[in-house]
Amino acid sequence: MVSVQSPPGGREVPYARVLLLPAILMAAATGAAVATVPEPARMAVGLCGGIGALMVLGVAVEAVRRGRTVKRLHRQYADRLAYLERRVALYDAQTEHIGKQLLPDTLYRVQQGESPAEAMRVVIDQNPDYRDLPDPQRKLLRTVLDILERGEAMRDATASAFVHIARRVQAIVHQQSVELREMEEDHGRTPEVFDDLLRLDHGTALIGRLADSVAVLGGSRPGRQWPKPVPLYSVLRGAMSRILDYHRVDLESIAKVAVNGISVEPVIHACAELLDNATRYSPPQTRVHVTAVEVQTGIAIEIEDGGVSLSEEGRKRAETMLAEAQEGMDLQSLSETPRLGLAVVGRLSAMYNMQVSLRQSAYGGVRAVLIVPRDMLTGAPAPALAHGIGASAVPRVDNDGNPIQELERAPKKRRPTSGPPTPLSALEDDIPVVTEWTATGLPQRRSRNKTPLAERYAEARAAKEREAAEARAAEARAAIPGQRQAPPPREPEKEEPAPGLWVEAFMNGLKGGGDQQGTPGAVESKPRADDYSTEDEGDLK
Amino acid sequence: MTPPQRERRAPQPGTEQDPGRLYVITGGTDGTQRAPLDLVALIVARSEAPPTAAPEQTALLKLCKRPLSVAEISAYLGLPFSVVTVLVTELLAADLVESRAPVVRSALPERSLLEAVMHGLQKL
């Protein structure tokens, strides 16, 4: 593109040769002019010709000199242009190289936890091709790496803050579930309280699972550890107890193996998440079947539900989610996937080398298979399957037939709450209070009502009579329509009239019409019908 | 007057063995399906445990080959009374155990009736 027309350097035509032609021409022209002009003018013409020739020569010299300068400059510029274009091409190549190779390499290293300086040294300085990377590009790279490192540090800090909070929630939940267990023991004999406690216990377990999930997604391992191997059946029950619809889960033919103490929690958590998925995405009336069989690599726990069939596309999506989680998913991408469960299972299975797969079930739903590797299991004898039943479920005897003294229970820290307050009457019922003695020496039991029986009978009789009297008064009132329009205000604290006074009241009512206030009997004779009961009660008290 | 405090059983701290919680065993009853069993009701197994029974029920059936009170079952199984009653209720419904109820309190005549009889006798 850039054509350099300058003649090859070093072959400069000497000035003498260049100037020869104009000098000869000028000399010839001057000679001819001198020859043709008449004699007297020859001197002047010759002089003019000489001067002209000299001037032409001078101009020619200057032109040639300038021409050469222009040529030189031209050449220089062309060289410079070529140089600059080479430089630009080089920079392009370097930029591309940085973008395509150096940056990803160093970024990867920084993401893996190396410091930016370390990454720069390993990627650039140890490679002879990149060693002469210009300073500005080094600086650029370094800046990018620093920013990235800061971002990574911030994300780590966020995740660890989440984990920290989750750990605290876990601790509280654990403490609470221990205390709830104690309360369940305390209130075992009052079914109402006990059932309420069980519900609280269940809710607490759900909170605990959520906290566990947050901790796992934050990149930490399950914190809780079990001191001894736990049979798989109990582990699966533990998983069941952490989901909402645990009563829909059937445990069938669970292999009789035990899980290592340190591996119990991840298996419980992974199973709980799978069970939660299974129960959540299947109709509420269907059951979820769980089986566990031994396979070559360990134990395969199968969780089958009767929910909607998993389409091939849905299965792929779920497996992608699992795979992403296994590679280490960003917390940011969780916001797009409300199904925390699979992410948690993916994380856990990546941490503990468990394998998870989702397939279509024969029931039409989803069959999740979790393969627990053999090194998470133990061959050591585990406690019996049943809840809380160890070897000491029945009184044991040693070989000689003597009963074995079981270990004493540790004293418990929490003071047991006394049950619901016993009603006083019940206590009285059991322990009669003897206050008097009859003449014959027998204990005289006092009735709970402190009034004597005869008195109560008299009261009841009086009340009945009064009711009858009032009923009759009401009947009489009903016969006179005018009386009903203006029911008089009733004075509350009024002595009850003696039975029989109603006749007088009735007569007063007939006579007075408007001024019922004047006679107390008239007032008493017209209470509203619904006041009877309250008045009677008040009287009896 | 405070009622005497019973020494109650408590799971030993730090040695919790089972990750399963009690509500998984009772199966989430709302408390209405419990048979009216007393602490001293005697339970006898009528047959062997079927293979599908829960481990607790199997253990209970094994324990109850001879009559055993609910209180004793509760102690041996290490389960609270209310859990045992649920288990026994399920087994009763499946006809796997038999309960020999002690004298039920409500079968006794009412106190007021007794009092009335007493007063009547005194008036004679």
Query raised in the report: With +1 on each Lys and Arg Cβ and -1 on each Asp and Glu Cβ, how big is the dipole of the stretch B:33-102 about its Cα centre, in debye rounded to the nearest 20?
Result: 140 debye
Query raised in the report: Seen from all sides and averaged, what is the projected area of the convex hull of the Cα atoms in the stretch B:33-102, in nm²?
Result: 3.9 nm²
Report summary line: Treating only Lys and Arg (+1) and Asp and Glu (-1) as charged, each at its beta carbon, one finds that the stretch A:230-378 has a dipole about its Cα centre, in Debye to the nearest 20, of 260 debye
Report summary line: The residues B:SER82, A:SER311, sorted from fewest to most surrounding Cβ atoms within 10 Å, come out as A:SER311, B:SER82
Query raised in the report: Taking every residue in B:68-76, how many Cβ atoms of other protein chains lie within 10 Å of its Cβ, on average?
Result: 1
Query raised in the report: For B:ILE73, A:ILE147, what ranking results if the residue with the fewest other Cβ atoms within 10 Å of its Cβ goes first?
Result: A:ILE147, B:ILE73
Query - Fewest-first ranking of B:LEU91, A:LEU107, A:LEU47, using other Cβ atoms within 10 Å as the exposure measure - result: A:LEU47, A:LEU107, B:LEU91
Report summary line: The set of residues whose placed amide H lies less than 5 Å from the amide H of A:GLN360, leaving out same-chain residues fewer than 5 positions away, is A:ARG367
**Report entry** For A:PHE194, net neighbour charge (Lys/Arg +1, Asp/Glu -1) across residues whose Cβ lies under 11 Å away
**Finding:** -4
**Report entry** Cleavage-rule hits (trypsin sites (Lys or Arg not before Pro)) in the stretch A:124-204: DSSP loop, at most 12 neighbouring Cβ within 10 angstrom
**Finding:** A:ARG131
Query - Relative contact order (%) - criterion: Cα under 8 Å, at least six apart; region: the stretch A:1-149 - result: 19 percent
Report task. Using the charge dipole of the stretch A:113-220 (Lys, Arg: +1 at Cβ; Asp, Glu: -1 at Cβ; taken about the Cα centre), state which of A:GLN176, A:ALA161, A:LEU200 has its Cα farthest towards the positive end. Result -> A:ALA161
**Report entry** Surrounding net charge for A:ALA292, when Lys and Arg each add one and Asp and Glu each subtract one, Cβ distance under 13 Å
**Finding:** -3
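No value in this document is a laboratory result; all are computed from the given coordinates. This one's a predicted model, so the numbers in the text were calculated from it and none came from an experiment. For neighbour counting, all protein chains shown are included, and Cβ atoms are generated from backbone atoms with ideal geometry for every residue, glycine included.
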